[in-house]
Amino acid sequence: MKPHRWLIEFIGLIVPRRLRADWRQEWEAELRHRELLLADWDKLNWKTRVDLVRRSLGAFWDALLLQPRRLEDEMFQDLRFGIRMLLKHKGYTAVAVLTLALGIGANTAIFSVVNATLLRPLPYKNPDQIVMVWGTNPGGFGWRGKSGFSAPSFLDYQQQNQVFERMATFNGVGFTLTGADNPEPIHGGMVTAEFFDVLAVQPILGRTFLPEEAQTGQDHVAVLNYNLWQRRFGSDPNIIGETIRLDATPYTVIGVLPQGFDFSIPDYFESRDLWVPNILPRDNSERGHKYLSVIARLKPAVMLRRAEQDMSAITERLAREYPSTMTGFGVKLTPLHEQIVGDMRPVLLLLFGAVGFVLLIACANVANLQLARASTRQKEIAIRTALGASRGRLLRQLLTESMLLALIGGALGLGLALWGIRLLTGLGPAGVLPGTVVTVDATVLAYSLVLSLITGILFGLAPASQPTPARLSESLKEGGRNSAASESGLRLRRLLTVSEVALSMILLIGAGLLIRSFAGLLQVNPGFETKNTLTARFDLPKYSYPEATKQAAFYTQVMERIKALPGVTAAGATDELPPTMGSHTSTFSIEGRAPIDQSDQSLAVQDRLATADYFRAMGIPLSAGRVFSDTDDASATPVALINVTFASRFFPNENPVGQHLRFRPANPWMTIVGIVGDVRGFGLDKQPNSEIYLPYQQQSFLPYNPLPHMHLVVRTASDPNGIAAAVLGSVRELDKDLPLPKARTMETVLAASIAERRSNMLLLGVFAVIALILAGVGIYGVISYSVAQRTQEIGIRIALGAQSHDVITLVVRNGMRLVLMGIAIGLAGAFALTRWMASLLFEVSATDPLTFAAIALLLALVALLACWIPAWRATQVDPMVALRHE
């Protein structure tokens with residue numbers, strides 16, 4: 001055969017069968033015509049022959065273009081047939097679609113949160129170059145064992161480093177925004193001029209700070225966040241150059257940041273309303289005051305390790321120059337993205353894994369449904385095989401139906417995901433930052449589509465993997481045995497059932513551990529009473545309360561007025577309110593002892609301010625001595641209270657009442673006059689710290705003044721919400737220009753402190769319950785199908801004298817064998833996987849035997865019920881009908 005004709009024959013094989021003859025004839029006719037025009041093949045020169053072969057190869061492209069038409073008839077035929085089959089069996093379709101929608105919807109909702117937090121890059125230019133710069137101390141003091149930088153040390157690092165493009169500081173500051181409207185407390189940020197360059201943020205109006213504005217006299221400028229500009233100033237486009245008053249001091253607005261800019265770090269730095277310059281002193285006497293938070297942008301191609309080495313070299317030089325304040329100090333760099341999302345990852349991955357298990361259980365359920373349905377289609381498959389359908393053709397038909405089912409379930413699941421996203425953001429589980437925008441974007445849509453397709457393949461392979469009948473004649477008979485009832489089909493159904501039980505077991509144990517943790521948390525004694533207690537935080541403006549004496553006088557008058565209100569039994573105030581206290585650690589010493597080693601974190605002591613009636617208002621018990629009195633004012637002998645933990649740690653074998661301590665060598669000694677009970681100041685899941693309480697009028701003995709920010713605590717004889725308006729009204733009467741806070745009950749405060757744990761428990765609990773229901777339904781379906789297949793056998797047994805309990809025992813035993821296998825596998829899986837939950841648990845081991853045993857018993861009881869129902873139905877079989885079943 002001539003080469004170009006041979007090529008046409010070969011290329012024609014990839015043309016759709018129904019088009020093959022026409023296209024091959026057309027190609028051959030064209031080439032024959034060209035060959036006749038030129039000459040016979042034997043008379044052609046080699047260049048012409050090569051040209052004919054090249055033109056023959058061009059037919060390959062035509063054949064490729066025809067490939068969609070190869071699938072057109074068969075593909076659309078499969079789709080039409082699949083749709084007809086799904087509509088014909090509406091009950092089966094509804095159950096399968098709802099099961100898949102539940103699994104796909106839950107997965108899509110959780111993935112939306114994961115995408116918005118863990119996967120979505122930070123909204124800054126080249127965010128992978130932005131790092132947090134932390135100081136480290138030998139004793140691990142500071143936020144999570146990290147510290148900030150002093151002003152002179154930061155300036156040294158800024159000038160000497162070779163690895164950062166920009167390096168800046170940021171800190172929080174409170175302001176009272178005054179003007180024509182009511183005064184409003186706002187959150188401000190103090191930053192150096194390079195801060196916005198580090199983040200590469202450009203304002204939508206005006207500009208950001210200049211280096212010269214970090215000098216005294218030129219620092220009264222402000223950059224507004226978009227939300228404050230919109231809410232307070234009505235999105236005024238002419239705001240640039242206008243004057244606003246912060247703490248009665250005029251500031252000029254120089255810029256407005258873009259919408260969506262929200263620089264915050266969970267549990268460390270919250271969102272800010274506006275920004276002002278920070279003036280950094282060069283005074284070396286301040287080198288030990290490490291209070292500045294530092295952020296930096298790496299130079300291109302500079303790796304994190306190299307940057308840390310560069311900073312360590314600077315640290316060594318500074319330690320030699322300033323040994324008293326820099327010895328033992330270190331530097332640690334953390335990528336900003338890791339800093340923001342690091343704590344979220346475990347919880348979100350746990351929830352993501354949980355919904356993954358739910359989806360697998362849903363797939364196993366639908367696969368079981370498919371297998372059961374395949375038994376009714378065995379004759380159809382046999383007829384198709386007899387008519388010449390290949391195994392691949394049958395496989396494609398079954399997978400097409402599965403994909404249709406999965407896509408419909410995915411579409412419905414996407415609707416459920418939209419509802420689930422609102423539920424998730426409303427619950428606020430750990431891992432979802434306040435203000436995080438969780439949406440169904442292109443990434444989520446692509447995930448949902450891919451997930452639906454993979455799901456369709458997963459459960460579609462179950463019936464498709466069953467062997468085609470070897471003996472078509474028997475399959476075509478009315479009584480032919482079907483593949484779903486074959487040994488391989490039964491094995492697959494049992495395997496799916498065992499898998500469902502095992503996955504459900506793992507989920508239920510995870511939920512059980514969280515429930516036990518939360519229940520244990522609710523049993524914790526916080527050290528104070530929450531019933532009939534109202535609280536409100538006051539931030540006294542510096543412009544109207546510049547001195548500590550005036551601040552203390554304000555609180556004295558406020559409490560006198562509130563105590564006079566009907567229904568009030570006690571009123572007090574403190575600078576930090578449990579269970580969400582801030583950390584105030586100060587160096588202290590005890591008279592007659594060596595100075596306390598502050599590098600030992602176990603000796604860390606928190607200092608607090610309190611009024612005389614605070615302990616009675618909070619219900620904090622007195623263990624020894626006395627509490628403060630109204631006479632413990634600035635002119636009285638300095639006194640202090642300590643808590644039980646402080647007493648047991650520093651005075652283990654002696655009475656601390658009457659002993660003396662102080663914070664600074666220049667201060668007079670304070671007499672310990674009493675011991676009060678411990679409170680869980682940093683959360684119910686944290687052990688009490690050693691604490692020293694000072695009278696609020698003697699705050700001058702502390703190295704700082706916390707009086708501008710105090711929490712009022714009011715104990716009432718009845719519902720505190722009924723007296724909230726009167727309490728705030730008393731404050732308004734005393735100072736009509738003071739921004740009024742929002743009053744909350746202590747029950748609300750305590751509930752908010754454990755809200756994340758509650759929402760995580762609820763979410764995982766919901767997923768576990770869904771898994772339990774799906775597993776129960778799956779077990780019921782398998783046993784019911786098994787009973788239906790053994791109808792004749794059961795009828796014979798009953799005819800031969802078997803009693804009802806014999807039949808029930810037979811059926812339940814077969815079903816529970818699968819369940820017990822699944823429980824055993826699930827226990828092993830949970831033992832391995834729940835260890836990853838250890839950080840989320842409270843006073844419960846990740847392998848708690850009581851939880852493991854209780855969940856195993858619960859699942860066994862549910863499975864027993866799922867087995868008993870079809871077993872009971874089997875006892876109702878009429879032997880005569882059963883004997884005619886086949």
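The values are calculated or read from the model by the stated rules, or taken from the named source; none is laboratory data. Keep in mind that what you see is a predicted model, and the values were worked out from it rather than measured. Glycine gets a Cβ as well: all are built from the backbone with ideal geometry, and neighbour counts include every protein chain shown. These accessible areas exclude ligands, DNA and RNA; they are computed on the full protein's heavy atoms, side chains included. Shrake-Rupley method; radii C 1.70, N 1.55, O 1.52, S 1.80 Å.
Any idea how many residues of segment 315-330 are touching a residue at least 24 places away in the same chain (Cβ under 8 Å) and either part of a strand (DSSP E or B) or touching a strand residue (DSSP E or B) at 6+ places or on another chain (Cβ under 8 Å) (or both)?
Adding up the residues that qualify gives 2.
Out of Gly260, Gly217, Gly255, Gly206, which single residue is out of contact with any strand residue (DSSP E or B) (no Cβ under 6 Å at 6 or more places or on another chain) and over 30 Å from Pro706 (Cα atoms)?
Being out of contact with any strand residue (DSSP E or B) (no Cβ under 6 Å at 6 or more places or on another chain) and over 30 Å from Pro706 (Cα atoms) holds for just one of Gly260, Gly217, Gly255, Gly206, which is Gly260.
For residues that are basic (Lys, Arg) and part of a loop (DSSP other than H, G, I, E, B), scanning just segment 272-311, find the one that is nearest to Gly148 (Cα to Cα).
Taking the candidates together, the pick is Lys290.
Is there a residue being surrounded by fewer than 17 Cβ atoms within 10 Å (Cβ to Cβ) and more than 13 Å from Leu707 (Cα to Cα) anywhere in segment 569-577?
Yes, some residue in segment 569-577 is surrounded by fewer than 17 Cβ atoms within 10 Å (Cβ to Cβ) and more than 13 Å from Leu707 (Cα to Cα).
Can you name the number of the only condition in (1) under 37 Å from the mean Cα position of the chain (by Cα); (2) at negative phi; (3) open to solvent by less than 70 Å² (accessible area, probe 1.4 Å) that Val676 fails?
Only one criterion in (1) under 37 Å from the mean Cα position of the chain (by Cα); (2) at negative phi; (3) open to solvent by less than 70 Å² (accessible area, probe 1.4 Å) is unmet by Val676, namely (1).
Kindly establish whether Ala116 is hydrophobic (A, V, I, L, M, F, W, C), in a helix (DSSP H, G or I), closer than 22 Å to Leu257 by Cβ and within 22 Å of the chain's Cα centre (by Cα).
Yes, satisfied.
Could you look through segment 508-561, keep only residues that are of a type in the set (Phe, Trp, Tyr) and over 30 Å from Leu858 (Cβ atoms), and pick out the one that is modelled with the highest pLDDT? Working first, answer last.
The first filter runs over segment 508-561 and keeps only residues of a type in the set (Phe, Trp, Tyr), leaving 518, 528, 538, 543, 545, 554-555.
Now restrict to residues that are over 30 Å from Leu858 (Cβ atoms): 528, 538, 543, 545, 554-555.
Values: Phe528: 93, Phe538: 86, Tyr543: 79, Tyr545: 84, Phe554: 90, Tyr555: 89.
Result: Phe528.
Residues of segment 732-780 being of a type in the set (Val, Ile, Thr), crowded, with 19+ Cβ neighbours inside 10 Å and part of a helix (DSSP H, G or I), which ones?
Result: Ile770, Ile779.
What's the total number of residues in segment 225-259 that are open to solvent by less than 30 Å² (accessible area, probe 1.4 Å) and of a type in the set (Ser, Thr, Tyr)? Even if it seems obvious, please write down each step before you answer.
Restricting attention to segment 225-259, the residues satisfying the condition of being open to solvent by less than 30 Å² (accessible area, probe 1.4 Å) are 225, 228-229, 239, 244, 246-247, 251, 253-257.
The next check asks that each one be of a type in the set (Ser, Thr, Tyr); those that pass are 251.
Looking only at that region, the number is 1.
Being out of contact with any helix residue (DSSP H, G or I) (no Cβ under 6 Å at 6 or more places or on another chain), surrounded by 20 or more Cβ atoms within 10 Å (Cβ to Cβ) and not charged (D, E, K, R) narrows it down to one residue among Leu712, Leu707, Leu728; which is it?
Going through Leu712, Leu707, Leu728 in turn, the sole match is Leu712.
Being within 37 Å of the chain's Cα centre (by Cα), part of a strand (DSSP E or B) and closer than 13 Å to Leu274 by Cα is the requirement here; does Met167 meet it?
no
For Ile783, state whether it is in a helix (DSSP H, G or I) and farther than 30 Å from Leu350 by Cβ.
Against the criterion (in a helix (DSSP H, G or I) and farther than 30 Å from Leu350 by Cβ), Ile783 qualifies.
Among all residue pairs at least 6 apart or on different chains, which show Cβ distances below 8 Å where the first residue, located in segment 408-431, is closer than 12 Å to Leu98 by Cβ and the second is at pLDDT 75 or above and open to solvent by 60 Å² or more (accessible area, probe 1.4 Å)?
Close Cβ pairs (under 8 Å, with a partner that is at pLDDT 75 or above and open to solvent by 60 Å² or more (accessible area, probe 1.4 Å)) amount to Gly409/Leu98; Leu412/Leu98; Gly413/Leu102; Leu416/Leu102.
Looking at Ala222 and the list (1) open to solvent by less than 30 Å² (accessible area, probe 1.4 Å); (2) farther than 30 Å from Val133 by Cβ; (3) not in a loop (DSSP other than H, G, I, E, B), which single condition is not satisfied?
All conditions pass for Ala222, except number (2).
For the list (1) more than 30 Å from Tyr322 (Cα to Cα); (2) surrounded by 20 or more Cβ atoms within 10 Å (Cβ to Cβ), I need the number of the one condition that Pro277 fails.
The single condition Pro277 does not satisfy is (1).
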